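Where a number appears in this text, it was derived from the coordinates with a stated rule and is not lab data. Please read these numbers as outputs of a predicted model, since none were measured by experiment. Positions of Cβ are backbone-derived with ideal geometry, glycine not excepted, and every protein chain shown enters the neighbour counts.
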Amino acid sequence: MVYTGIIRAKKNLVIINIGEKQYDEFFQKEINNFPAKPQLTDAEKISLAKQKFDEAFKFYERGDYSGAIKLYTEVIELNPNHSNTYNNRGIAYKNLKQYERAITDFQKYIELKPNDAAKAYKMLGECYTALADKHNFKV
């Protein structure tokens, strides 16, 4: 099989015809030469995480729980020890009736903040009760 590709070579577009193996090797080399995404400093990660957390809360307040979850997940990627993010994401999951995911987040919150976990334990109870009701188990 012959591939036709368009590449940019020294500011000019060039059309090339090459075999499959050459095509794969060429583009793998180009991918490897692509500049890596710059790494953020810890301070930059924390600052970006705070911005995303605040933005996620706005989504949550509007009732856009899926949007909030997406942003809370990005916060966790930037700062995996931000306990309130797990709590808030857990509540958003709970509101979407994704109880298993909510339980995982409430458990993580409790792990990170065991001395301030009363609300998370309450939410866990509500999630377990909702799961029991969903599966017609008697509590």
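Tabulated values for the structure
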| item | result |
| --- | --- |
| Proxy reagent accessibility, fewest Cβ within 10 Å first, across Leu112, Leu124 | Leu112, Leu124 |
| Residue order, fewest to most surrounding Cβ atoms within 10 angstrom, among His82, His135 | His135, His82 |
| Proxy reagent accessibility, fewest Cβ within 10 Å first, across Phe57, Phe106 | Phe57, Phe106 |
| Estimated FRET transfer efficiency (Lys122, Glu77; beta-carbon r; R0 30 Å; 0.05) | 0.65 |
| Paramagnetic reach from Glu61 in the stretch 87-120 [backbone N under 17 Å; point 7 Å along Cα→Cβ] | 88-89, 92 |
| Two-site FRET efficiency, Asn95 against Lys45, from Cβ-Cβ distance with R₀ of 25 Å, rounded to 0.05 | 0.35 |
| Of Lys70/Lys108; Lys70/Lys97; Lys58/Lys94; Lys94/Lys134; Lys70/Lys134, pairs whose Cα-Cα distance is over 21 Å | Lys70/Lys134 |
| For the stretch 42-134: rounded, prolate or oblate by the Cα gyration tensor [a/c cutoff 1.5] | oblate |
